[in-house]
Amino acid sequence: MFSRIARPAVNLTRSLSTSSQNNAKVAVLGASGGIGQPLSLLLKNSPLVSHLSLYDIAHTPGVAADLSHIETRAQVTGHMGPDQLGAALKGCEVVVIPAGVPRKPGMTRDDLFNTNATIVATLADACARNCPEAMICIISNPVNSTVPITSEVMKKHGVYNPNRVFGVTTLDIVRANAFIAELKGLDPARVNVPVVGGHAGKTIIPLISQCTPKVEFPQDQLSALTGRIQEAGTEVVKAKAGAGSATLSMAYAGARFTFSLLDAMNGKEGVVECAYVRSEETECKYFSTPLLLGKNGIEKNLGLGKLTAFEEKLVADATGELKASIKKGEDFIQNMK
């Protein structure tokens, strides 16, 4: 199960490899933004990436020029505006999409829907046309709706593969690991908590009973910790006081997921990450659970594992909201002109 497999770290000091397997072309769509720039920096630093293709509607040539001066092997190209989107995606094996507007104080992730839904649908359409077999990693919020949007667009083009479309929920795991380590005085790098469900408020469900190493909390502390993990994004939005949302931690989490995916595509065995994907594990069409990753994306969905009564209630409480968010995404594509 998830908790028994060591989680991969974003190791920025990996020795450079010239293996022919490590020749991945990775695109970042939204590369000039608050998440896109630090994410691109982390990807540029990895020997797993041979070509980093950066796309945004503004400033991309500057970001690409800046990153291209870093002494690592990844070639960097910058692409700006709709006319260059196709070229940015040609030949890509992994596409990471942090494009969109960030949350401001008082906003929910769902408040971003109208703007970000259109952006993600446009980018998904370009992926379907230019790199239909690429792994698509969606960061743009609301993830609970933008993943169904991406899937419906891919279906319209006849290129949908549910094993290759991921909602990146890794930040929820990263936060859970950090918060538990802090409370228990543990090394965060050794703490591993699966977080399931979705990626907004009460749909974020940390399975603290499955944490490695095993930890226990009194019920009141468990409830408070669960609430903090669920609302951690809002904590950052408030602390930044109108200057954005979680960008640096999200860039780290997005890089961690991308590196895990690239490792698995290169043949590394036992790579497990949670992600929000098409699922049969619950009554929701999409649900985040631990996934065994392989050369072709999802190799096996590892499911929810054994839940406590508290966790079962969290899943039940999340179901209605998740179903509504999924339907909202699907309806958006059905109603698109």
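The values are calculated or read from the model by the stated rules, or taken from the named source; none is laboratory data. Keep in mind it's a predicted model, so treat the numbers as computed, not measured. Positions of Cβ are generated from backbone atoms using ideal geometry, with glycine treated the same way; all protein chains shown enter the neighbour counts. Protein only, heavy atoms only, side chains kept; ligands, DNA and RNA dropped before computing areas. Shrake-Rupley method; radii C 1.70, N 1.55, O 1.52, S 1.80 Å.
Things worth noting here:
- Checked against (1) open to solvent by 60 Å² or more (accessible area, probe 1.4 Å); (2) under 21 Å from Tyr276 (Cβ atoms); (3) touching a Lys or Arg at 6+ places or on another chain (Cβ under 9 Å), His157 passes all but condition (2).
- Within the range 222-276, tally of residues that are part of a helix (DSSP H, G or I), aliphatic (A, V, I, L, M) and closer than 28 Å to Ile149 by Cβ: 13
- The set of residues in the range 23-49 being in a helix (DSSP H, G or I), open to solvent by 10 Å² or more (accessible area, probe 1.4 Å) and among the hydrophobic types (A, V, I, L, M, F, W, C) consists of Leu41, Leu42.
- Residue within the range 70-79 that is free of Cβ contacts under 8 Å to residues at least 24 places away in the same chain and either of a type in the set (Val, Ile, Thr) or not assigned by the TED database to the domain that holds Tyr252 (or both) present: yes
- Scanning the range 160-175 for residues that are crowded, with 24+ Cβ neighbours inside 10 Å and over 13 Å from the mean Cα position of the chain (by Cα) yields one hit, Arg175.
- Total residues in the range 51-89 satisfying the condition of being part of a strand (DSSP E or B) and either surrounded by fewer than 17 Cβ atoms within 10 Å (Cβ to Cβ) or in contact with a Lys or Arg (Cβ under 6 Å, 6 or more places away or on another chain) (or both): the figure is 3.
- Search result, residues across the range 194-245 that are modelled with pLDDT under 95 and in contact with a helix residue (DSSP H, G or I) (Cβ under 6 Å, 6 or more places away or on another chain): Ser245
- Pairing each residue of the range 178-189 that is more than 14 Å from Lys214 (Cα to Cα) and in the same structural domain as Ala232 (by the TED database) with any residue that is open to solvent by 70 Å² or more (accessible area, probe 1.4 Å) and assigned to a helix (DSSP H, G or I), provided the two are 6+ apart or on different chains, yields C-beta distances under 9 Å for Phe179/Arg228.
- The residues in the range 180-210 that are crowded, with 20+ Cβ neighbours inside 10 Å and within 28 Å of Lys323 (Cβ to Cβ) can be counted, and the count is 15.
- Residue within the range 244-260 that is crowded, with 16+ Cβ neighbours inside 10 Å, free of Cβ contacts under 8 Å to residues at least 24 places away in the same chain and touching a strand residue (DSSP E or B) at 6+ places or on another chain (Cβ under 7 Å) present: no
- Ser151 crowded, with 24+ Cβ neighbours inside 10 Å, under 26 Å from Met265 (Cα atoms) and not assigned by the TED database to the domain that holds Thr203: yes
- Residues located in the range 94-127, provided they are crowded, with 20+ Cβ neighbours inside 10 Å and of a type in the set (Asp, Glu): none
- Taken across the range 247-256, residues that are of a type in the set (Lys, Arg), in the same structural domain as Ala318 (by the TED database) and under 25 Å from Val28 (Cα atoms) do occur, with at least one present.
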